[in-house]
C-alpha cells in the first residue's frame, strides 16, 4: 500500500532519525518528549515558526491526559509512513510519534502570520462587498462559505507539486456544476508534473486548453462574491495556498468586460457601464490603427478643415504616422508600468506628471504631433476602464499589431486583422466551451445578458454555455 515509503518502527529514536533525514536535518525541526496517560512515551515534532504558540502550548500541556486513541482538536488520521509525517510537518502541522502500536498522528497547529481580509487592490469597487481573498487557503475557504452558506458547496482538497506539495481546493456546487467538466479538471490536475507550484498562474498554464495563446482561457479574481456568483452559474473554482487569486473555469471572451459591481447597481446603470467597457475595449485596440490608416491612405474620408489642421500639426514632424504611433504607445506603456512598480504614494503622481511633461516636450521638439498625443492618451484612458486582467494586456498588445497592419494596407489591413482575430478566437476553447460564446455559436437570449446587465428577475435560467446540470435558478429549479 505504501510501496517505496518508510513505515514507522517501534523504536522512537529510529523514527526521529528518519524524520530528521527526510527534513534534511533542518535546524528549525523541533522534537519534544511527552507521555500519554498510560505512561507510554511519545515524541511531538513540529517546525518552529510555522505553528500557533497557543495551540502548541495546549498540545504540550494536555499531552499527558490523552489516551492511546484520543487526539486534540478533533483530528486526525493516523499516519503510517515517515514520508506522510514529513509532508505534514512541512505544511505546519505537529506530528505525534507513537511506539505501541508504531505510528503517528498529525494535528493542525498552523499559525503563520498573514495579512487580514481587506479590499482587493486589483478589483476595487464603489458599491458592493469589499472583502478580498488572502494568502491563506483556510481563510479563503471560510470567505466562500460565508458568502455561500450552502450544504451543496463541495470542497475537494488536493496536493500539487512533487517537492512543494502545495495544498489546493477545488470548489463546485453539487447538483449545479457539470460533473464531466469537474472530472476533466481533476484529470488535468493529475497531469501537473511540476516540482514547485508558484501560484494560481502555474495552475492556469498547466490546465488551459491552449497553452500557447496570449488570451486568458481561465478567469482569475480576488473577490469572494465573484467566486460565489460563478459557482452558482455552474462554474468551478480552484483556490491555491499562498496566493489571493482564485481560478474560475470555464471562461469566455466577453466575460472579460464584466465586473461584479455590475450587479450592485440598478440594471440600467450596470448595462451602461458594461457597454461602456466594451466600447472602450474596441477604442483602445483599434483607435491608433484607424488614425494611422486615415492619415496615411484615406485622406478623402476626413473633412477638409480637419485634414488641414492635421497636416499643419504634422508639418514639423519628420516621422510618418506609424512611427509616431508606435513611439507614443511604447512610451505610454513604459509610464504605466513605472507607475505600477513605484511606491504607491508617488507612483500615480509620477506617471501623470511624466505623461504631461513628456507629451508636451515631444510636441515642442517636433517629434510627434499634438493629434498623436491625443490619440495615445485617449487609447490609454480607454484601456484603464477594463478590469486589470490578462485580457487587458492582450488587447494592449493587439494595438501594435493592428497599427502595423493599418500602416501597410490601410482600412483593408485593419479589417483583415479583425477577421483573423475573430477566426482565431472562435477556434479557442475553455474546457470544451467555445471561447466566443454566446456570440459564436450565436445565442440571442444569453448574449443579451453578456452585453447588457439584465434584471435579476429575468434570469430564470443559468447560462447554458457552462452546461450546468440544473438549468434553473428559480421558478422550476427543483424540476
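No lab work stands behind these numbers, since they all come straight from the coordinates. From a predicted model like this one, the values you see are computed outputs, not experimental measurements. A quick note on method: Cβ atoms are made from the backbone with ideal geometry, for glycine too, and the neighbour counts reach across all protein chains shown.
Here are the numbers for this structure:
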| quantity | calculated |
| --- | --- |
| Degrees between helix 137-147 axis and first principal axis of the chain (Cα, 0 to 90, nearest 10) | 70 degrees |
| Spatial separation of Cα centroids for segment 426-479 and segment 142-158, in angstrom | 23 Å |
| Ranked packing of 244-254, 380-390, 302-312, 163-173, most packed first, by mean Cβ within 10 Å | 244-254, 163-173, 380-390, 302-312 |
| Using a Förster distance of 51 Å, the FRET efficiency for residue 424-residue 162 (Cβ separation, nearest 0.05) | 0.90 |
| Nearest-ten-degree value, helix 179-190 long axis tilted from longest Cα axis of the chain | 80 degrees |
| Cubic angstrom per residue, convex hull over Cα atoms of segment 263-433 | 154 Å³ |
| Folded to 0 to 90 degrees: helix 53-62 orientation relative to the chain principal axis, Cα | 20 degrees |
| Pairs of Cα atoms farther than 29 Å apart, the chain, % | 61 percent |
| Calculated FRET efficiency for the pair residue 412/residue 11, C-beta based, R₀ 60 Å, to 0.05 | 0.15 |
| Virtual spin-label span in nm between residue 232 and residue 342, 7 Å along Cα→Cβ | 4.2 nm |
| Spin-label proximity, residue 330 to segment 393-425 - amide N less than 14 Å from point 7 Å beyond Cα toward beta carbon | 400-401, 404 |
| Among 394-403, 123-132, the order from most to least packed when residues are scored by Cβ within 10 Å on average | 394-403, 123-132 |
| Peptides ranked, highest mean first, by Cβ atoms within 10 Å: ranges 33-40, 264-271, 327-334, 84-91 | 84-91, 327-334, 264-271, 33-40 |
